[in-house]
Amino acid sequence: MNIKYTDFARMHKPLEKELAACYQEVFDSQWFIQGKKLEKFEKEYAEYCGTKYCVGVGNGLDALRLILQACDIGEGDEVIVPSNTFIATVLAISYVGAVPVFVEPDINTLLINPDLIEEKITSRTKAIMVVHLYGRLADMEKIIEIARKHSLKVFEDSAQAHGAQRNGVKAGAWGDAGAFSFYPGKNLGALGDAGAVTTNDRELAEKVRALGNYGSKIKYKHEYKGVNSRLDELQAAFLSVKLKNLDKWTEERQAIADKYYNGIKNKKITLPLYTKENVYHIFPVLSDERNELQKYLEEKGIHTLIHYPTAIHLQEAYKDMVLKKGAYPLAEKICDTELSIPLYPGMTDGEIQYVIDCINEF
């Protein structure tokens, strides 16, 4: 059996005619930037997330960066961020001249540990950048309580958590603003790069939109030193089609995850703490024999990925932080032991059981 890590065709094939019709509509309109398709998707996605505003941007990294810029976070400011995340979260902080301050995760959830946040707060701390990694929401109640106590902003990196909930509130609706990536591999993915910012703050939404449009609200009148980061009409149209299917796909992901939780019984494998409202962008397993497990599964025809093999503080790009191995041991442990196994809409029962059986036989 040959099982891909993910298979876009199983999601896109049933939507082929509808997606093709979207392309034709945009082509016929000859309107490609900041038009009705974008307005429609922004309205739909804001309603889906439970926020007042959604602003389409070029990608998830831009979404994070524009939020920070819109909140005037810059040179010398500190932003608390998980020590285990994709580098884009930290790059956004660096791009505005701020300093990332790492907080270790809870090894059971693999998310930022709120009990470790307060000890990292200083007079220069301006915000907490939460990451809802793998499709699981962080402990937002505790984090917001800490932020209010210290008058800090809360931003959500929701790039892996489209539709994820905690006590009925979705990702992107908890903090001052949420950043989403619609990279093709996301639970809600475009057919190219795309992103969005969600918020209940009208002023922040307007500033993000202006910053992403060369710093301009009115053509040729520039209030800010902005950038070019806009969600185009074609990707917005595709996303509107796919958004209608997101809840159905989420249910499929959750059903597959339930089978993994019930079926994987190998003492060499550790599964993260189960949560009902996880949307499972990624299904991570931890093993001290991760590399051997990956090679074994590859030989069995099961393709896997590692998220992520090197902690950010050990990346060449951040050598200026002068942090050595051992500085953030939990983040490093996750990097050394994490393996992401196949989980995507359209997987058959036979494929799911094969993955389970092979893991149990390892």
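The values are calculated or read from the model by the stated rules, or taken from the named source; none is laboratory data. Source: prediction; values computed, not measured. For neighbour counting, all protein chains shown are included, and Cβ atoms are generated from backbone atoms with ideal geometry for every residue, glycine included. Please note that ligands, DNA and RNA were not included when accessible areas were found on the heavy atoms of the full protein model with its side chains. Shrake-Rupley method; radii C 1.70, N 1.55, O 1.52, S 1.80 Å.
Numbers for the structure displayed
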item: For Phe102, solvent-accessible area (1.4 Å; no DNA, RNA or ligand), Å²; result: 0 Å²
item: Net charge contributed by nearby residues that have their C-beta within less than 10 Å of Glu18 (K/R +1, D/E -1); result: +2
item: Cα extents of region 234-331 along the three principal axes, largest first (Å); result: 46, 40, 29
item: Theoretical gain in end-to-end length, Tyr274 to Trp31 [0.36 nm per residue, Cα-Cα removed]; result: 82.9 nm
item: Gaussian network model of the chain, springs between alpha carbon atoms under 10 Å - residue of Asn59, Asn228, Asn213 with greatest fluctuation; result: Asn228
item: Accessible area per residue, Å², the chain with all protein chains present, probe 1.4 Å; result: 45 Å²
item: Within a Gaussian network of the chain (alpha carbon springs, distance under 10 Å), most fluctuating of Gly185, Gly135, Gly326; result: Gly326
item: Stokes-Einstein D in µm²/s, Kirkwood radius over Cα pairs - region 201-258 at 20 °C with 1.002 mPa s viscosity; result: 154 µm²/s
item: Hypothetical label at Val169: residues of region 41-68 whose amide nitrogen lies under 19 Å (7 Å Cα-Cβ projection); result: 46-54
item: Per-residue HN-Hα couplings for region 54-67 [Karplus 6.51, -1.76, 1.60; θ = phi - 60°; Hz; x = Gly/Pro]; result: 9, 10, x, 9, x, 5, x, 4, 4, 4, 5, 5, 5, 4
item: By accessible area with a 1.4 Å probe, ligands and nucleic acids excluded, highest first: order of Glu251, Glu223, Glu289; result: Glu251, Glu223, Glu289
item: Estimated Rh, the chain: Kirkwood, alpha-carbon pairs, angstrom; result: 21.1 Å
item: In order through region 203-208: 3J(HN,Hα) via Karplus (6.51 cos²θ - 1.76 cosθ + 1.60), integer Hz, x for Gly, Pro; result: 5, 5, 4, 5, 6, 4
item: Whole-Hz ³J(HN,Hα) from phi, Karplus 6.51 cos²θ - 1.76 cosθ + 1.60, for region 296-311, glycine and proline x; result: 4, 5, 4, 5, 7, x, 9, 8, 10, 9, 10, 10, 10, x, 10, 5
item: Percent accessible area from carbon and sulfur atoms, region 71-205, protein chains only, probe 1.4 Å; result: 46 percent
item: Highest-fluctuation residue, Gly50, Gly168, Gly301 considered, GNM on the chain with Cα pairs under 10 Å; result: Gly168
item: Accessible area (Å², 1.4 Å probe, nearest 10) - Trp174; result: 50 Å²
item: Total formal charge among the other residues, if their Cβ is under 12 angstrom from that of Ile256, Lys/Arg +1 and Asp/Glu -1; result: -3
item: Amide hydrogen neighbours beyond the local backbone of Val101, cut-off 5 Å, H modeled; result: Val79, Ile80, Val81
item: Cβ-placed point charges (K, R +1; D, E -1), dipole of the chain about Cα centre in debye, nearest 20; result: 580 debye
item: Eligible lysines near Lys295 by straight Cα distance, threshold 20 Å, same-chain separation 8 or greater; result: Lys4, Lys265, Lys267, Lys268, Lys333
item: Segment Phe8-Glu206, extension gain: residue separation times 0.36 nm, minus the distance between their alpha carbons; result: 67.9 nm
item: Measure of compaction for region 307-362 (Cα Rg per 2.2 N^0.38 Å); result: 1.66
